[in-house]
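A.B. asks: Below you'll find the structure I mean.
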Amino acid sequence: MSLNLLASEFQVVRDDTRCIACQVCVRQCANDVHAYDAESDVVYSDETRCVGCHRCATLCPTRALTIRLALHEFRPNANWTPAALYNLYKQSQTGGVLLSGMGCDQPYPVYFDHLLLNASQVTNPSIDPLREPMELRTVIGRRPGRVEVTQGPEGLRLETRLGPHLVLETPILFSAMSYGSISYNACLSLARAAKECGILYNTGEGGLHPTLYEYGPWTIAQVASGRFGVHPEYLRTAAALEIKIGQGAKPGIGGHLPGEKVTADVSRTRMIPEGTDALSPAPHHDIYSIEDLRQLIYALKEATNYEKPVGVKVAAVHHIAPIASGIARAGADYIAIDGLRGGTGAAPTVIRNHVGIPIELAIAAVDQRLREEGIRHQVSLIAGGSIRSSADVVKAIALGADAVYIATAALVAMGCHLCQKCYTGKCNWGIATQDPYLTKRLNPNIGVRRLANLIRAWSLEIKEMLGGMGLNAIESLRGNRDHLRGVGLNEVELNALGIQAAGAA
Amino acid sequence: MKRIYVNEEYCIGCRLCEVYCLTQHSRSKKIIKAFKEETPRALARLVVEEEGPLSFAMPCRHCEDAPCVAACITGAMHRDERGAVLCDEERCVGCWTCIMVCPFGAVQRSIAGRKAASKCDLCYGEHTPVCVMHCPNEALVYEERT
Amino acid sequence: MRYVIIGNSAAAVGAIEAIRQHDTEHPITVVADEPYHVYSRPLISYLLGGMVDEARMAYRPRDFYTRYRVETMLGVEVTQVNSQTQSLMLAGGGVLTYDRLLIATGGRPFVPPVPGVDLEGVFPFTRLDDARQIARYIERHHVRSAVVVGGGLIGLKTAEALMARAVRVTIVELADRILSMTFDRTASRLAESLLRRAGADVRTGLTVKEIVERQGRVEHVVLQDGERVECDLVVFAIGVRPNVGLVSNAGIPVQRGIIVDRQMWTGVPGIYAAGDCVEGYDLLLGENRPIAIWPNAYRQGYVAGCNMAGAERVYEGGFPMNSVEVCGVPTISVGITDPPEGDGYEVLERYDREALSYRRLVLRDHCLVGMICVGNVDRAGIYTGLIRARVNVAPFKDYLLAGHFGLISLPREYRKHLVVGEGIEV
Ligand SMILES: Cc1cc2nc3c(=O)[nH]c(=O)nc-3n(C[C@H](O)[C@H](O)[C@H](O)COP(=O)(O)OP(=O)(O)OC[C@H]3O[C@@H](n4cnc5c(N)ncnc54)[C@H](O)[C@@H]3O)c2cc1C
Ligand code: SF4
């Protein structure tokens, strides 16, 4: 074997005055970084394999471990950065496509961080959410353009048939993560937390494990290009269906679940042979136009008796506004837009880092376009792709979303440390893995508690922000861009976002 | 009576329970000191069994009908007011009759100092046994079940 | 209503603790001919050897009788049980009536009718007084050497205790090896070599033919083969027989020991029996027989106590089991350890000479029925549990002797029931 040109990315600093050689780190590292030498009773580390997940450092009972970046310094070069060099070394060694897990980590502008919210002062009163009712309940689905009522003996009667809706207690949903890309315990945690919080989670394209059918009313079932795990029972069980066209982390390409992650249970759920790679094609082979999409939407509606909303998920790309308009007109009840920074279990790094547009711009453009076309009420918008905090939720809604999808934030709540190695199947936190030794590490009771805490905490914060703006319902914030101001943005960006610069009137 | 229960589904085999148990039963009760300075090193009162992905900690069950209490030839093994099964190490002579009868294998030999049977004491005086308190995945729980 | 217990040892304590769980009201009287606070009989060899002091002999704390509200008549011998009048005749003429009676008179040392057994310097070894007297005799007469008759566990403990007092010991055993009742040949040989290394002389296949005196005191013994072994002390540790003299004409059924049912009832109204004096249920043989060990005595006493107090309880049965250290090496033997060749038994063994660790498991019909652990006894109780629960070990037979054997090797259902607790779902 020739010389490996890659240096380790991390440094494992072990404080020997604290290390008691208890070997917790040895047992916890799925990458075999740590090893115990019985003869000399010491634990040592081989950092070339360290992915920086912090599992060892977090569990070390004496806090003897610190994980640091390995600061190998190259001759300064603003163009040929260390990351660029490492990628070249890696590729010239393997000859393969470089893979990454989680969302784009490149320093593109994060528009959320250039948006500021308004608050009431003197001229209009703010509202104290602890004293006054504050409505976060959000309805997802088509709204009628107008309603007809008739006067009957018992009062007014609604004549218009309202489409199927989803009701969320708070404008947040757990985004699609398939069983296979994440562990059963992670799926179960999401399902139970969704039920507990009165929101929904999304199966992703992995089908629905039979033991999760009981969470049907809190489940959005995805129908993706591979059609994995799709059967009548699956469609009937879920509260809503979602056609997945694209994903923010890898717009334009399909999915690839490596055979190692296709365990017996995963294979049954996906209805594919055990141990085979699960390949979702890049396009749906039956969708080449908006008309085709319409057919699938209505096929699903038909299959479920028009009782369930059918949504369409697309990645935020150029021309997202007309695309969304087409989807709305094709009969979708909601459109989920996944931005550039949306997470994934595995994506080619080059795609993840270079394809798509930030979610903030996409929401603004789509909301604007649908309003202009007078069809905004026909469809709900769910924005996803790196919603990191309650402030991001509020900003996304003010830009025009009805609700947000969170995935990475949910995983982080369950312990994910964003090491981006999901595609290796060796997630030390028991989330993005099917290895029974690792999946045990996520106790769903804890997962549920942490997820529910997150949703509760964000909801409280959202109420505080709403109250500050003098609003008492999340509904009043939607598309209310007057509550946003931009800082550090140029004219073009301000226009694209449809907001004014901070300091403007 | 509150007991320690094991959810083997969630035991991750980290053995932190052993580390903290040992510390709790050391002289200093200080983790680094207990491991690095105290000789003989204290014993953890529970063992973690592991095979492949399966693992679980096995502390004393504090059986209602404890065979070790019935069998102990000296009366060292006894039940206290709370119902916990404890070994009075002063009275124990290290005959290991309790080891012979414990179907859980939850009694260990402490032979480094004075010979005595060593077992879980539910962390006498603590609100919650330390193994439960420090189990990172709540695989060990301390609760009343009927 | 009055509970009366004859005996003040393991079975008696088991009964007292059981009765008081169910009946805190009615009086309990304990009568025993030994005038002592309840003590641990197995510890008498430790006392003799100086490994424990008198204070540590107590089996239960000093306030045991008060706490359990027990009246004691210690140092009082019962001479006769009269089931017609529900009364006990006491030595010295007293009478004690009972409503519920537990006979827990334990064992009586067996001393064979050898010429010279009555000499000064010849002792049995089953009671605290024996230990004290032997100790005193050793001091007073500067005993240098002793013959221990009996190479069973008690014999070995006696020998070790004497050696700890710097007395040279010769063990005389009738069988062709020591510990023949509890060990197999390999374990016996191991124990023998340990004893020899510790300085004991071991004579097997022999017995004492005569004890010879000098000035009224032991001077030497003559073995069956005519050999003469000089000694200042002879201790008989051949074993105990059920101590049933006082029930001989009370209408209580007796064979080798008192016959009881699974509730430890003798069949005579109000009279129960437990401990070394009974023929208790042997779980492995499926029949009743005396098994003189402490854990069984306590358990039988406990079951008897429950039933005496009206709480029905069945004795699950016991089997022989012993845990003793031989010259500092722990040994445990349980159940059928040395079955006849063939006969449907299967034997698994693992002997690590280097680590001085020997394990032998005996199976019958795919169930564990016996085991021996020498050296490494850790977690041996898991085997005992399998024996007691009659678990089919065939599916995991290969793990039984593996170095990492533990609960984890056991079938999921059995293990889960143990790990998580009976009837509790995870
Ligand atoms: C030296 C030695 C070592 C041993 N080591 C072990 C060991 O390591 N492990 C083990 O399991 N077992 C051991 N045994 C056996 C164990 O001690 C007995 O199984 C146990 O003591 C039986 O208890 P028990 O209650 O049936 O009767 P015992 O302990 O024999 O007690 C009988 C009681 O009855 C009283 N009594 C008897 N007759 C009368 C009467 N006529 N009137 C009034 N009171 C009477 C006595 O005073 C005594 O209190 C050992 C025994 C000996 C002698
Ligand atoms: S080892 Fe100690 S606690 Fe265990 S039975 Fe013997 S004396 Fe009792």
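The values are calculated or read from the model by the stated rules, or taken from the named source; none is laboratory data. Everything numeric in this text was worked out from a predicted model, so none of it was measured. We place every Cβ from the backbone using ideal geometry, glycine too, and count neighbours over all the protein chains shown.
A.B. asks: Which one is farthest from the other protein chains (Cβ to nearest Cβ) among residues in the stretch A:16-35 that are in contact with a strand residue (DSSP E or B) (Cβ under 7 Å, 6 or more places away or on another chain) and crowded, with 22+ Cβ neighbours inside 10 Å?
C.D. replies: Per the criteria, the residue is A:33.
A.B. asks: On the basis of being of a type outside the set (Ser, Thr, Tyr), more than 30 Å from residue C:43 (Cα to Cα) and more than 11 Å from ligand 2 (Cβ to nearest atom), does residue B:122 make the cut?
C.D. replies: Here the answer is no, as residue B:122 does not meet what is asked.
A.B. asks: Moving on to the next point. For the stretch B:85-92, does any single residue satisfy the condition of being closer than 29 Å to residue C:10 by Cβ, touching a residue at least 60 places away in the same chain (Cβ under 8 Å) and buried (at least 19 other Cβ atoms within 10 Å of the Cβ)?
C.D. replies: no
A.B. asks: Suppose we filter A:347, A:330, A:321, A:364 for residues that are closer than 16 Å to residue A:110 by Cβ, aliphatic (A, V, I, L, M) and in contact with a Lys or Arg (Cβ under 8 Å, 6 or more places away or on another chain); which single one remains?
C.D. replies: Every option except A:364 fails the conditions.
A.B. asks: Taking the stretch A:327-348 as the region of interest, how many residues are at pLDDT 95 or above and over 15 Å from the mean Cα position of the chain (by Cα)?
C.D. replies: 8
A.B. asks: Here is a list: C:274, C:250. Which entry is within 16 Å of the chain's Cα centre (by Cα), over 23 Å from residue C:324 (Cα atoms) and touching a residue at least 40 places away in the same chain (Cβ under 8 Å)?
C.D. replies: Being within 16 Å of the chain's Cα centre (by Cα), over 23 Å from residue C:324 (Cα atoms) and touching a residue at least 40 places away in the same chain (Cβ under 8 Å) holds for just one of C:274, C:250, which is C:274.
A.B. asks: Among the residues of the stretch B:70-86, is any among the charged types (D, E, K, R), within 21 Å of residue C:300 (Cβ to Cβ) and in contact with a strand residue (DSSP E or B) (Cβ under 6 Å, 6 or more places away or on another chain)?
C.D. replies: The answer is yes, given that some residue of the stretch B:70-86 is among the charged types (D, E, K, R), within 21 Å of residue C:300 (Cβ to Cβ) and in contact with a strand residue (DSSP E or B) (Cβ under 6 Å, 6 or more places away or on another chain).
A.B. asks: Considering only residues that are in a strand (DSSP E or B) and within 6 Å of ligand 2 (Cβ to nearest atom), which ones fall in the stretch B:71-102?
C.D. replies: Listed by number, the residues that qualify are B:77, B:87.
A.B. asks: Taking strands (runs of 3 or more DSSP E) that do not extend beyond the stretch C:180-239, which have at least 2 residues that are surrounded by fewer than 21 Cβ atoms within 10 Å (Cβ to Cβ)?
C.D. replies: C:201-204, C:208-214, C:217-223, C:228-230
A.B. asks: Another question, if that's okay. Identify the single condition in (1) more than 10 Å from every other protein chain (Cβ to nearest Cβ); (2) part of a helix (DSSP H, G or I); (3) closer than 20 Å to residue C:330 by Cβ that residue B:68 does not satisfy, given that it satisfies every other one.
C.D. replies: Among (1) more than 10 Å from every other protein chain (Cβ to nearest Cβ); (2) part of a helix (DSSP H, G or I); (3) closer than 20 Å to residue C:330 by Cβ, residue B:68 violates only (1).
A.B. asks: Further question on the same structure: Which condition breaks for residue B:145 when tested against (1) at pLDDT 95 or above; (2) more than 9 Å from ligand 2 (Cβ to nearest atom); (3) facing another protein chain (nearest Cβ under 7 Å)?
C.D. replies: In the conditions (1) at pLDDT 95 or above; (2) more than 9 Å from ligand 2 (Cβ to nearest atom); (3) facing another protein chain (nearest Cβ under 7 Å), residue B:145 misses (1) alone.
A.B. asks: Which of the residues belonging to the stretch B:14-26 are at the interface with chain A (Cβ under 10 Å from one of its Cβ atoms) and either crowded, with 21+ Cβ neighbours inside 10 Å or among the aromatic types (Phe, Trp, Tyr) (or both)?
C.D. replies: B:14, B:15, B:16, B:19, B:20, B:22, B:23, listed by residue number.
A.B. asks: Taking the stretch B:86-96 as the region of interest, how many residues are within 16 Å of ligand 1 (Cβ to nearest atom) and either more than 7 Å from chain C (Cβ to nearest Cβ) or on the phi > 0 side of the Ramachandran plot (or both)?
C.D. replies: 3
A.B. asks: Limited to the stretch A:123-175, what total is found for residues that are at pLDDT below 95 and at positive phi?
C.D. replies: 1
A.B. asks: Separate question: Using the structure shown, decide if residue C:296 is within 16 Å of ligand 2 (Cβ to nearest atom) and not assigned by TED's automatic domain parsing to the domain that holds residue C:20.
C.D. replies: It is false that residue C:296 is within 16 Å of ligand 2 (Cβ to nearest atom) and not assigned by TED's automatic domain parsing to the domain that holds residue C:20.
A.B. asks: Here's something else I'd like to know. Can you tell me which of B:2, B:29 is out of contact with any helix residue (DSSP H, G or I) (no Cβ under 7 Å at 6 or more places or on another chain) and either farther than 26 Å from residue C:404 by Cα or at the interface with another protein chain (Cβ under 7 Å from one of its Cβ atoms) (or both)?
C.D. replies: On inspection, the qualifying residue turns out to be B:2.
A.B. asks: What is the residue count in the stretch A:106-121 for residues that are without any contact (Cβ under 8 Å) to a residue 24 or more places away in the chain and over 29 Å from residue A:354 (Cβ atoms)?
C.D. replies: The number of residues fulfilling the criteria is 1.
A.B. asks: While we're on this one: Are there helices (runs of 4 or more DSSP H) fully within the stretch A:290-383 with at least 3 residues that are of a type outside the set (A, V, I, L, M), in contact with a helix residue (DSSP H, G or I) (Cβ under 7 Å, 6 or more places away or on another chain) and not assigned by TED's automatic domain parsing to the domain that holds residue A:258? List them.
C.D. replies: So the answer is none; nothing clears 3.
A.B. asks: Further question: (1) surrounded by 12 or more Cβ atoms within 10 Å (Cβ to Cβ); (2) closer than 24 Å to residue A:455 by Cα: which one isn't true of residue A:85, the others all being true?
C.D. replies: The one condition residue A:85 does not meet is (2).
A.B. asks: Scan the stretch A:336-389 residue by residue and report those that are among the small types (Gly, Ala, Ser), within 24 Å of residue A:90 (Cα to Cα) and in contact with a Phe, Trp or Tyr (Cβ under 9 Å, 6 or more places away or on another chain).
C.D. replies: If the condition is that a residue be among the small types (Gly, Ala, Ser), within 24 Å of residue A:90 (Cα to Cα) and in contact with a Phe, Trp or Tyr (Cβ under 9 Å, 6 or more places away or on another chain), then A:345, A:346, A:347 are the ones that fit.
A.B. asks: What residue, of A:179, A:201, is crowded, with 21+ Cβ neighbours inside 10 Å, closer than 30 Å to residue A:241 by Cα and without any contact (Cβ under 8 Å) to a residue 40 or more places away in the chain?
C.D. replies: Just one listed residue meets the conditions, A:201.
A.B. asks: Taking the condition of being more than 10 Å from chain B (Cβ to nearest Cβ) and in contact with a Ser or Thr (Cβ under 9 Å, 6 or more places away or on another chain), how many residues in the stretch A:433-459 meet it?
C.D. replies: Qualifying residue count, the stretch A:433-459: 11.
A.B. asks: Of the numbered conditions (1) over 15 Å from the mean Cα position of the chain (by Cα); (2) within 16 Å of ligand 1 (Cβ to nearest atom), residue B:99 fails exactly one; give the number of that condition.
C.D. replies: Result: residue B:99 passes all but (1).
A.B. asks: Every residue in the stretch B:35-49 that is within 13 Å of chain A (Cβ to nearest Cβ) and under 17 Å from the mean Cα position of the chain (by Cα), please.
C.D. replies: Listed by number, the residues that qualify are B:41, B:42, B:44, B:48.
A.B. asks: Given the structure, is residue B:116 away from every other protein chain (no Cβ under 11 Å) and within 16 Å of ligand 2 (Cβ to nearest atom)?
C.D. replies: Against the criterion (away from every other protein chain (no Cβ under 11 Å) and within 16 Å of ligand 2 (Cβ to nearest atom)), residue B:116 qualifies.
A.B. asks: Of all the strands (runs of 3 or more DSSP E) wholly in the stretch C:1-101, which have at least 1 residues that are within 14 Å of ligand 1 (Cβ to nearest atom) and touching an Asp or Glu at 6+ places or on another chain (Cβ under 9 Å)?
C.D. replies: Output list reads C:3-6, C:28-32, C:70-74, C:78-82, C:87-90.
A.B. asks: Looking at the structure I just gave you, is residue A:438 over 22 Å from residue A:386 (Cα atoms), surrounded by 20 or more Cβ atoms within 10 Å (Cβ to Cβ) and assigned by TED's automatic domain parsing to the domain that holds residue A:174?
C.D. replies: Considered against the rule, which asks whether it is over 22 Å from residue A:386 (Cα atoms), surrounded by 20 or more Cβ atoms within 10 Å (Cβ to Cβ) and assigned by TED's automatic domain parsing to the domain that holds residue A:174, residue A:438 comes out as yes.
A.B. asks: What number of residues within the stretch C:53-72 satisfy the criterion of being farther than 18 Å from residue C:40 by Cα, surrounded by fewer than 19 Cβ atoms within 10 Å (Cβ to Cβ) and either away from chain B (no Cβ under 14 Å) or under 23 Å from the mean Cα position of the chain (by Cα) (or both)?
C.D. replies: Number of matching residues: 3.
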